[in-house]
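*Asks:* Quick one: the structure is below, and I'll ask about it shortly.
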């Protein structure tokens, strides 16, 4: 249920409640005229991207990282194709944040295999943007991720 809208940093923001967060208010950053009819790079991909951004904003506000598995459960997708679409949408979120000079919100999502760290693709993505250099499983990765996670927590602490 949408309860309010406002514009911040050029993005329209919708506040609403969600059943998986027991009615706690959340933020969805939207794009005008988005339709949802499946997964992909089209308007439906933007819809998935918005849902991911919403969940990551909530987690950042709560100052709690979320595993990819939990993220998939909260977004309510289950197919392998949807999992690939989520990774693609997270990479698009990274591009969006870097292009707008914001902390990388996707740093809030972490893997289970390497506790506390995002998946290796995250580090390859930020490396391709010139933000990270090093081994995704080494101390440089931990330092980079800790810095970005802290920046995201600080930047989005008053999002809700």
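The values are calculated or read from the model by the stated rules, or taken from the named source; none is laboratory data. Source: prediction; values computed, not measured. Here the Cβ is made from the backbone with ideal geometry for all residues, glycine too, and neighbour counts use every protein chain on show.
*Asks:* Could you list, in sequence order, the residues of segment 52-76 that are within 13 Å of residue 90 (Cβ to Cβ) and at pLDDT below 90?
*Replies:* Across segment 52-76, the qualifying residues are 68, 71, 72, 75.
*Asks:* Report the residue count in segment 99-136 for those that are under 23 Å from residue 154 (Cβ atoms), out of contact with any helix residue (DSSP H, G or I) (no Cβ under 8 Å at 6 or more places or on another chain) and not in a loop (DSSP other than H, G, I, E, B).
*Replies:* Matching residues across segment 99-136 total 1.
*Asks:* Can you name the residue in segment 127-140 that is touching a residue at least 12 places away in the same chain (Cβ under 8 Å) and under 22 Å from residue 83 (Cβ atoms) and is also surrounded by the fewest Cβ atoms within 10 Å (Cβ to Cβ) among such residues?
*Replies:* The extreme case among them is 137.
*Asks:* Exactly one condition in (1) more than 19 Å from residue 71 (Cβ to Cβ); (2) surrounded by 14 or more Cβ atoms within 10 Å (Cβ to Cβ); (3) without any contact (Cβ under 8 Å) to a residue 40 or more places away in the chain is not met by residue 151; state its number.
*Replies:* Only one criterion is unmet by residue 151, namely (3).
*Asks:* Could you look through segment 137-160, keep only residues that are within 19 Å of residue 53 (Cα to Cα) and part of a loop (DSSP other than H, G, I, E, B), and pick out the one that is modelled with the lowest pLDDT? Please lay out each step first, then the result.
*Replies:* To start, the set of residues in segment 137-160 that are within 19 Å of residue 53 (Cα to Cα) comprises 145, 148-160.
So of that shortlist, the ones also part of a loop (DSSP other than H, G, I, E, B) come out as 156-160.
Values: 156: 90, 157: 85, 158: 72, 159: 58, 160: 54.
Here the residue is 160.
*Asks:* Tally time: how many residues in segment 103-126 are surrounded by 15 or more Cβ atoms within 10 Å (Cβ to Cβ) and either touching a strand residue (DSSP E or B) at 6+ places or on another chain (Cβ under 9 Å) or closer than 16 Å to residue 49 by Cα (or both)?
*Replies:* Total satisfying the criteria: 12.
*Asks:* Moving on. For segment 128-144, how many residues meet the condition of being within 18 Å of the chain's Cα centre (by Cα) and closer than 19 Å to residue 112 by Cβ?
*Replies:* Qualifying residue count, segment 128-144: 0.
*Asks:* Taking the options 89, 81, name whichever one is surrounded by 17 or more Cβ atoms within 10 Å (Cβ to Cβ) and either at pLDDT 50 or above or more than 25 Å from residue 143 (Cβ to Cβ) (or both).
*Replies:* Numbers: 81 fails: surrounded by 17 or more Cβ atoms within 10 Å (Cβ to Cβ).
One residue alone meets the criteria, 89.
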